[in-house]
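K.L.:
Handing you a structure now.
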Amino acid sequence: MDIARTEAFVVEALGRWCKPSRAEHSRSVAAMAAGLCERFGLDSELGRLAGLAHDIAKDRPLSEQWEEARAAAAMPGLGAVALAVSRIEAEPAFADKIIHGPAAAAILGREFGRREFGRHAIGRREFDPFEADILEAVAYHSSAAIEMRPLAKIVFIADKIEPRRPYLTDADRAAAAALGLDDLLIHALWLSISWLRRNGRAIAQSTLDLYNALTVRDAAK
């Protein structure tokens, strides 16, 4: 994987497809994800790239988001994206709000593939483990899932506690600097769920399942 080349593509896409506030949010998430990767022993470049890419599809037409996501779900090597899409399709109350994650993973996967077979195809190749981790992180950054690997957890956390979020308190910022990865993930999930409830928004079942699994595990310790 050529991280520099892919990052240049993502930066260009942010400027071309995203409104300025979205691009700034993505840069902030990228910086936080890189810092969390360093703290928890992951490659900071992977965190930065996933953070930059996580919202590149969000300001594109909704029909294009669905088309990208469904095309990716049918391609080999993208099991995490396919699973995310199937879960989102099963919960239509909020599906349109979070399909941008798998859509962004589709766009990034096509860039990883270097070759295009038709307008929306990814390219028939296997993704290396680092690419697969990034695509999973981008696909699940809104919905989350129990099976998420560490990079996906970090990008989810970074998206929910990046400094521009208006609901953050000093206590939340202190938690971001002190908690272990899973405890920080629980905190980020709680912040996200609380905000969605306060604003009358539907909550993905996979988000609730992950929060319940982590809190039950903590209670059993």
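K.L.:
Charges only on Cβ, +1 for Lys and Arg, -1 for Asp and Glu: so what's the dipole of the chain about the Cα centre, in debye to the nearest 20?
P.N.:
With Lys and Arg at +1 and Asp and Glu at -1, about 460 debye.
K.L.:
Can I ask one more? Roughly what % of Cα-Cα distances in region 1-83 sit above 18 Å, to the whole percent?
P.N.:
Considering region 1-83, 52 percent of its Cα-Cα pairs are separated by more than 18 Å.
K.L.:
Less than 12 Å Cβ to Cβ from C37, Lys/Arg counted +1 and Asp/Glu -1: what total charge do the surrounding residues give?
P.N.:
Details: positive: R39, R48, K153; negative: E38, D43, E45, D133.
That sum, taken over residues with Cβ under 12 Å, equals -1.
K.L.:
Fully extended, how many nm does the chain gain between L179 and R149 (0.36 nm per residue separation, minus their Cα-Cα distance)?
P.N.:
9.0 nm
K.L.:
In a shell of Cβ-Cβ distance under 11 Å around I161, excluding I161 itself, what net charge do Lys and Arg (+1) and Asp and Glu (-1) give?
P.N.:
+1
K.L.:
By the scheme Lys and Arg +1, Asp and Glu -1, what is the net charge of all other residues having a beta-carbon under 10 Å from that of C18? Show your work: numbers first, answer last.
P.N.:
Values: positive: R16, K19, R22, K58, R60; negative: E24, D55, D59.
Here the charged neighbours net out to +2.
K.L.:
Under a point spin-label approximation (7 Å from Cα along Cα-to-Cβ), what is the R165-R198 distance to one decimal in nm?
P.N.:
According to this spin-label approximation, the distance is 1.1 nm.
K.L.:
Take each uninterrupted DSSP H stretch in the chain, measure its Cα extent along the helix axis, and return the ones at 27 Å or beyond whose mean Kyte-Doolittle hydropathy is at least -0.5.
P.N.:
Working: long enough: 20-40 (30 Å, -0.19).
Result, helices passing both filters: 20-40.
K.L.:
Could you check the simple spin-label distance between A213 and D172, using points 7 Å along Cα→Cβ, in nm with one decimal?
P.N.:
Rounded to a tenth, the inter-label distance reads 2.5 nm.
K.L.:
Another one. For all pairs of alpha-carbon atoms in region 155-221, what percent lies in each bin of width 5 Å, listed from the first bin to the last filled one?
P.N.:
3, 16, 27, 26, 18, 8, 1
K.L.:
Based only on other Cβ atoms within 10 Å, what is the fewest-to-most ordering of L42, L168?
P.N.:
Going from sparsest to densest Cβ surroundings: L168, L42.
K.L.:
Sticking with this one: Between exposed GluC sites (Glu not before Pro) in the chain, where DSSP calls loop and at most 15 other Cβ atoms lie within 10 Å, what's the longest gap?
P.N.:
Here the longest run is 1-115.
K.L.:
Separate question: Between region 156-182 and region 1-31, what's the alpha-carbon centroid distance in Å?
P.N.:
Each part reduced to its Cα centre gives a spacing of 21 Å.
Readers should treat all values here as calculations from the given coordinates under stated rules, not as data from a laboratory. Just so it is clear, the structure is predicted and the values come from calculations on it, not from any experiment. Note that we place each Cβ from the backbone using ideal geometry, even for glycine, and neighbour counts take in every protein chain shown.
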